[in-house]
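The values are calculated or read from the model by the stated rules, or taken from the named source; none is laboratory data. Computed from a prediction, not measured in an experiment: that's the story for all the values here. Cβ sites come from the backbone with ideal geometry, for glycine too, and all protein chains shown count toward neighbours.
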Amino acid sequence: MRLVVHGIVQGVGFRPAVHRIAASMGLNGWVQNNGGNVVIELDGDHEVFLDRLMNSLPPLSHVDKVDILDSKTTVTDGFRIIPSSKGQRAAGIPVDTAICPECLREMSDSSDRRGAYPFTSCTDCGARFTLISELPYDRINTAFSRFEPCSKCRDEYSSTGDRRFHHQTVCCPDCGPHYRLVVDDFETTDSPIEEFARMLEDGAIGVAKGWGGMHICCTLDNIPKMRRWYGREQKPFAVMVRDLDAVRKYSDPDDDEIEALCSPQRPIVLVPKKDGEFNEYASPGLDSIGLFLPYTGMQHLLFQHLKVDALVMTSANVPGEPMILDDDNVFSMGADAYLLHDQDILNRADDSVIRVFDGGMFFIRRSRGHTPAWLPAPAIGTVVALGGQENIAGTLAHNGRMYCTQYIGDADHIGVLEYLDSSIEHLRMLLGADEVSHVALDLHPGYSNRRLARPMAERLGAEMVEIQHHWAHAASLLVDANVDEAAVLTLDGSGYGDDGTAWGGEVLLSTLDGYRRVGHLRPIPLLGGEKAVYDIKRLCFAIDGLGGRENSMFEPQDARVLDVMMSKSVTSSSMGRIMDALSCYLGVCDRRSYDGEPAMKLETLLNKGRRSMDYTAEKSGLAVDSVSLITEVIGSSLSKDDKAYTIVSCLIDAMVEQAADAVQSCGVNCIGVTGGVSYNNAVCSMVKDKVESMGLEFIRHRQVPNGDGGLSVGQAAIALRRTV
């Protein structure tokens, strides 16, 4: 029989596993990488063979399906692995995973030939997506193509009993890549990791090259210096910790968060932080901290040479630009020391960032370890979707699946648009998606990726499709939850509404074919437009003006100007802006220095607050009156925590009631929440509790990012319906 195996079956030790099982059964035949799949020819009982194979899959592999065909060839000379062929295109590339315990053991053994060698890996672990240029997954198509294996590595590669049997990136200190340390004009390959560790502990700011990019590093006591140097006064930094003891030293994780931290993908996990000066340095004003564990050999070796148990590890990029890949460009960062290696990074991949909610994950940033990945598509066709303006990722839908790119960044800079374009093109090449019918993008006329969408559509002969921002959010949730229709609370900072105003606190009754706005927050003026997003006091002034409450946050002459602007400014129904205003009212944050800052810092109050049942949010038509509620509660005697919780929960209750009215009138029972505000666990819990108290089904994100990183999935799903 001929078996064609689809899934993650290349570069993960799949062919060696096939070889071992077939040989143990005394079968004749061969196994071959064929494009993005694996083909197996064998002369025995294929059902018994498949049963044994499925029970002995390598850790990184995943089988989606197996086509069983009649074979027209006869093989009688045993079982072997034969050279790869181009074959059919398919994205079966495995993700990068942390170095495995066996490789760590070798690295820790000074008598082992791979002792202290940071590029140690095997078929069960290591870099994959970040070093592949083409399929099939053979050494010639990886960043290791220029590193010729030595005789010992070739022996391991050829030995059926070795865990590096047919490991495409097998290497050792004699034949593989190496690190070097660059300080000013001096470069050394003599103990570069040990010397880098010493410099960090002496107060240096360093850049370390890893698998999918580079990190800026410093010790926790050096964060104030790094903030001044990097120009990030308040934005939280991710912290890499030595081990689980260090995780518990800096945070209070639950079992689900520990499981996520220790997963092979090693994402950054937002966990409740403990009190402490260093913790406050890392995430000022927040009650969570982003922690992750070492995942590369270099990072483990670095901690072996460090006395401290934690380092800042944040993506090395010029603000606004993608993470730096090339050694020549990184020196523009102006760091004190650079730990670099001579292996090319073919695909960028920032660290993934997740948050645990109710036993599952929210992807804040889906990237290293979790891309490439795919979801079932709602229709057959080939479309490209480009996301929004911030936190963008692209999606390519092809042959019944939707493939997401890694996290790309904010589209304000041309380098990010070029990165998005190249990532989409890389997926198209891997999948063989030559003909594209539609290019989907956001409805907003000012979003930067329009500069990419039009030439891309012209180049591909595709039709451009503009999709309303919050409908795309809702559609991404429908795809993620695998439901056809739901009422969705789309809660975020802002998006261009179909009426020309800024939306962001909507209740949309949605399918992939259309939507109806069945509720929203009362719009408030954004005094000065974008200025109100950064100077939060302007939001409070607008709310007080609408509510007839005196505002004393501005000098009289400035207040008179703002009064004139009240009737002339664009309005917004955004929940994100309401939470920003609450953050200002309650003395938490009155100026935004990074995306989401005021609302994120408000979460410290929401997590401690309780609901006062003396207040409700009134509705007028489709609008929930946030203004009257805020005016009443802010002036009450409640504590700050309870004011924040009461206002937000009253608004959520009113919006869920609007959603319930909509779904019950059309025989649907699902209500969900999406958008950047839904990363707030307190808000998400409010929605969940209210929906379930009404006997309805609550749906939430699990695989697709809640925020703008998931927009392209919704856009692609909607665009696909145009192809049916």
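Annotations
- All positions within the range 85-129 that are outside any loop (DSSP other than H, G, I, E, B), under 15 Å from residue 177 (Cβ atoms) and modelled with pLDDT under 95: 126
- Residue that is nearest to the chain's Cα centre (by Cα), among those in the range 231-272 that are basic (Lys, Arg) and under 21 Å from residue 681 (Cβ atoms): 235
- Residue within the range 459-477 that is in contact (Cβ under 8 Å) with a residue 60 or more places away in the chain, surrounded by fewer than 24 Cβ atoms within 10 Å (Cβ to Cβ) and in a loop (DSSP other than H, G, I, E, B) present: yes
- Of note, residue 416 does not satisfy the criterion of being under 30 Å from residue 196 (Cβ atoms) and part of a loop (DSSP other than H, G, I, E, B).
- The residues of the range 313-360 that are charged (D, E, K, R) and either without any contact (Cβ under 8 Å) to a residue 60 or more places away in the chain or at positive phi (or both), listed by number, are 326, 328, 358.
- Residue within the range 654-677 that is out of contact with any strand residue (DSSP E or B) (no Cβ under 7 Å at 6 or more places or on another chain), under 24 Å from residue 595 (Cα atoms) and in contact (Cβ under 8 Å) with a residue 24 or more places away in the chain present: no
- Residue in the range 386-400 that is closer than 17 Å to residue 267 by Cβ and in contact (Cβ under 8 Å) with a residue 12 or more places away in the chain present: yes
- Wholly within the range 276-393, strands (runs of 3 or more DSSP E) carrying at least 1 residues that are more than 30 Å from residue 133 (Cα to Cα) and more than 20 Å from the chain's Cα centre (by Cα): 310-315
- One residue from 451, 428 being assigned to a helix (DSSP H, G or I), under 20 Å from residue 399 (Cα atoms) and in contact (Cβ under 8 Å) with a residue 12 or more places away in the chain: 428
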